[in-house]
Structures are given as C-alpha cells and as structure tokens.
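Peer 1: Shown below is the structure under consideration.
The values are calculated or read from the model by the stated rules, or taken from the named source; none is laboratory data. Being a predicted model, the structure only gives us computed values, none of them experimental. Methodologically, a virtual Cβ is constructed for each residue, glycine included, from the backbone with ideal geometry; neighbour enumeration extends over all protein chains shown. Side chains are part of the model used for accessible areas, which takes the heavy atoms of the whole protein and leaves out ligands, DNA and RNA. Shrake-Rupley method; radii C 1.70, N 1.55, O 1.52, S 1.80 Å.
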Amino acid sequence: MAVTEASLPRRILTTPTAGPLAALILACVFFSLNSEQFLTGGNFSLIIQQVMVVGTLAIGQTLIILTAGIDLSNGAIMAFGGIVMAKLSLSIPPLVAIGAGLAVCAAFGLINGLLVTKIVLPPFIVTLGMLNVVFALTHIYSQDQTVTGLPPELTFLGQTFQLGDTRVTYGSVLTIALFLLFAYLLGHTAWGRHVYALGNSPEIARLTGIRTDRLTVGVYSLAGLVYGIAALLLVSRTGVGDPQAGQTDNLDSITAVVLGGTSLFGGRGQVLGTLIGALIVGVFRNGLQLMGVPSIYQTLITGILVILAVAVDQLSRRRTR
C-alpha cells in the first residue's frame, strides 16, 4: 500500500497533461492578480465560448496527430461546412441542411484518409492541397457572400441558459461533452488503443492484426465529422454563414493540441490535454486583452508557447529512447 501511495503522486506528475494543467493554473493566477474582471464566472464563460470552435476542431486534429499525421485543411473544411448548412437551410428543412453540412465535412475527411492510405501521400501534402481546394470551393459556392437570416435551428447552440450567476451557451456544453466522449473512446476502447498503436508504429500495429489503412481512413473521416460539428458551432455563435471564417483556425487547432501535451510524432497524448491547451490559448488572449496588451503581442506569446511545448516534447522523446 505504501508503494502504491508513494507512486500515485509520481504517476500524476508524469502524465502528459500535468505540465499543461500547471501552466493553465499559473496563467489563471497571474491574470487574476492583474485584472479584477478575469476571475469572474461571466469572463470564464466568455473564454469557453471563444475557444469552443477551435477546441472542437482540435479534437479532430488530436485524432489525426495521434496517428502521426496532421491536418492543415480542417479550418477550411469547417468554413465550407458552415456555408453549406447556412445556404441550404434557406431552401430545405434546417435539420436536413445541418445533416448535409456534416456529411460534406466527413466526406472531405474521407478523401484525405484515402489519399494518405491508398496513394501513400504524406498527410502534410494531402491536407495542404485540400486546404486550397476547399478554400476555393467555399468562395465559389458562396459567391463570396455572407449568408444571413438563418433559421433558429442553426443558431440554437449560440443561445444561453442560466447557471448560477453565469450565462452559459449550449454550444459550450456540447464542446465539453465531445471532449469527454473522445476521452472515453481513446482511453477505454479497443479502437482508442489501436489509434495509439498506429501512431507509435504503423508496421508493428499491422503485424498485430490491426487493419491500419481502414483505421487511418476511419480516423480522418471521423475528424471530418467533428469539423462539421465545429462548423455548426461557428454558425451558431456568429449567426451567419461566413466564407471568410476559419482561415487561421487550422494553426490554432494545432497549437491547442501541442500545448495540451500531444506529441506531433504520434502515439502519445490525451484529448483532455487538448482541452487544456485550447483553454491556455483562450486564457492568455483573454487575460492579455483585459490587461490592455496589443493583439500582436498575444500572437507573439502564443508562438513562443508552441515552440516551448514542441521543444519539451522533443526532449522527452530523446530521454525515453
């Protein structure tokens, strides 16, 4: 029993999310000391609203990075899905329009997965090309026009309910529920174990009987579906279908994944760490804004945090070899 009790703190401290969680707590303490408005329920609700779209995108990004891939097209796919939902909702039942948007996003994820597995192209090249393809399709389909006058079914997740003294959006609840769902899938199912095995070594995973190509295609397709949910959250929050949306969200989602302790080399990380990473970005941007720091310095600090996170991951990999 003594050994178990002694090893418990060590096990907690060595989990991939321990460092990001400590960074998040320290950031909250720092900004609470420098701004009276920071440590309020309303401000924390605002932070979650600000990160829920990128955070949801980062769930799909986490799945792909765990397989040692990367997705540069997720922001563009989300924007296209949002335009599809918005435009179709003006002419067909809104729920059908939402389903069509989700299906389109999943289809782009499927295409990415097939290109990676069947033609054996690097994920970086595939998704970089898809970024440009989907970006162009978004502007062609929307004719560069913002879609307004959306039905309430598309904006419902942007509405709020009272939780104590704080107004919370339904979209924030959905985002947290998605993180919990994927944390369970990755941590407590055979599918999750296979994803980690694929990221650690595709060849060993194949030799153990895992159908690696099918798994990879499934991961990319599922990530695409998650991007569709992010599209719905974006439309709900803004109340419009915007063809200009999501242009830097691909990089923001990678930032959240890296800050959350997921290795860019695959096979190691947790989706709850990604949630912490998204919150770190949201807390820094919110806190610095409350302190009156110009937005360009917010970008500078975020970039420094990403470099530090990748450096720590690289050093950790060298130490475990």
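Peer 1: When you scan segment 237-249, how many residues do you find that are open to solvent by 10 Å² or more (accessible area, probe 1.4 Å) and either without any contact (Cβ under 8 Å) to a residue 40 or more places away in the chain or not aliphatic (A, V, I, L, M) (or both)? Walk me through how you get there before you give the answer.
Peer 2: So in segment 237-249, the residues open to solvent by 10 Å² or more (accessible area, probe 1.4 Å) come out as 237-240, 242, 244-249.
Remaining after also requiring either without any contact (Cβ under 8 Å) to a residue 40 or more places away in the chain or not aliphatic (A, V, I, L, M) (or both): 237-239, 242, 244, 246-249.
Here the count works out to 9.
Peer 1: Also, I was wondering about something else. Could you list, in sequence order, the residues of segment 240-268 that are in contact with an Asp or Glu (Cβ under 9 Å, 6 or more places away or on another chain) and over 21 Å from residue 101 (Cβ atoms)? Even if it seems obvious, please write down each step before you answer.
Peer 2: Within segment 240-268, the subset in contact with an Asp or Glu (Cβ under 9 Å, 6 or more places away or on another chain) is 243-244, 250, 253-254, 258, 261-265, 268.
Selection gives 254, 258, 261, 262, 263, 264, 265, 268.
Peer 1: Taking the condition of a type in the set (Val, Ile, Thr), in contact with an Asp or Glu (Cβ under 9 Å, 6 or more places away or on another chain) and part of a helix (DSSP H, G or I), does residue 219 pass?
Peer 2: Working: of a type in the set (Val, Ile, Thr): yes; in contact with an Asp or Glu (Cβ under 9 Å, 6 or more places away or on another chain): no; part of a helix (DSSP H, G or I): yes.
It is false that residue 219 is of a type in the set (Val, Ile, Thr), in contact with an Asp or Glu (Cβ under 9 Å, 6 or more places away or on another chain) and part of a helix (DSSP H, G or I).
Peer 1: Ok, one more. Which numbered condition trips up residue 232, out of (1) open to solvent by 30 Å² or more (accessible area, probe 1.4 Å); (2) touching a residue at least 24 places away in the same chain (Cβ under 8 Å); (3) under 23 Å from residue 63 (Cα atoms)?
Peer 2: Result: residue 232 fails condition (1) only.
Peer 1: Cβ-Cβ under 6 Å, sequence separation 6+ or interchain: first residue in segment 74-86 and over 13 Å from residue 142 (Cα atoms), partner outside any helix (DSSP H, G or I) and open to solvent by 10 Å² or more (accessible area, probe 1.4 Å). Which pairs?
Peer 2: Hits for this filter: 75/246; 78/246.
Peer 1: Name every residue in segment 168-203 that is closer than 23 Å to residue 264 by Cβ and of a type in the set (Phe, Trp, Tyr), in order of residue number.
Peer 2: Within segment 168-203, 179, 182, 191, 196 qualify.
Rundown of residues vs (1) in contact with a Leu (Cβ under 7 Å, 6 or more places away or on another chain); (2) within 29 Å of residue 132 (Cβ to Cβ); (3) not basic (Lys, Arg), yes/no style:
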position: 215; (1), (2), (3): yes, yes, yes
position: 228; (1), (2), (3): yes, yes, yes
position: 245; (1), (2), (3): yes, yes, yes
position: 248; (1), (2), (3): no, yes, yes
position: 255; (1), (2), (3): no, yes, yes
position: 294; (1), (2), (3): no, no, yes
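Peer 1: Separate question: Residues in segment 276-289: is at least one out of contact with any Leu (no Cβ under 6 Å at 6 or more places or on another chain), among the charged types (D, E, K, R) and within 13 Å of residue 61 (Cβ to Cβ)?
Peer 2: no
Peer 1: May I pose another question? Any idea which residue in segment 36-88 is nearest to residue 229 (Cα to Cα), counting only those that are aromatic (Phe, Trp, Tyr) and open to solvent by 10 Å² or more (accessible area, probe 1.4 Å)? Steps first, please.
Peer 2: Quick first cut of segment 36-88, residues aromatic (Phe, Trp, Tyr) only: 38, 44, 80.
Checking the rest, the ones that are also open to solvent by 10 Å² or more (accessible area, probe 1.4 Å) come to 44, 80.
Working: 44: 22, 80: 12 Å.
The selected residue is 80.
Peer 1: In segment 107-151, what count of residues is obtained for those that are over 24 Å from the mean Cα position of the chain (by Cα), in contact (Cβ under 8 Å) with a residue 40 or more places away in the chain and closer than 25 Å to residue 243 by Cα?
Peer 2: Counting residues in segment 107-151 that are over 24 Å from the mean Cα position of the chain (by Cα), in contact (Cβ under 8 Å) with a residue 40 or more places away in the chain and closer than 25 Å to residue 243 by Cα gives 10.
Peer 1: Now for a different question. Can you tell me which residue among 209, 282, 292 is open to solvent by less than 30 Å² (accessible area, probe 1.4 Å) and either farther than 24 Å from residue 181 by Cα or touching a residue at least 60 places away in the same chain (Cβ under 8 Å) (or both)?
Peer 2: On the way: 209 fails: open to solvent by less than 30 Å² (accessible area, probe 1.4 Å); 292 fails: open to solvent by less than 30 Å² (accessible area, probe 1.4 Å).
Step by step, each of 209, 282, 292 is checked, and only 282 is open to solvent by less than 30 Å² (accessible area, probe 1.4 Å) and either farther than 24 Å from residue 181 by Cα or touching a residue at least 60 places away in the same chain (Cβ under 8 Å) (or both).
Peer 1: Let me spell it out: the conditions are (1) open to solvent by less than 20 Å² (accessible area, probe 1.4 Å); (2) out of contact with any Asp or Glu (no Cβ under 8 Å at 6 or more places or on another chain), and residue 214 meets all of them except one. Which number is the exception?
Peer 2: Going through the list (1) open to solvent by less than 20 Å² (accessible area, probe 1.4 Å); (2) out of contact with any Asp or Glu (no Cβ under 8 Å at 6 or more places or on another chain), residue 214 breaks only (1).
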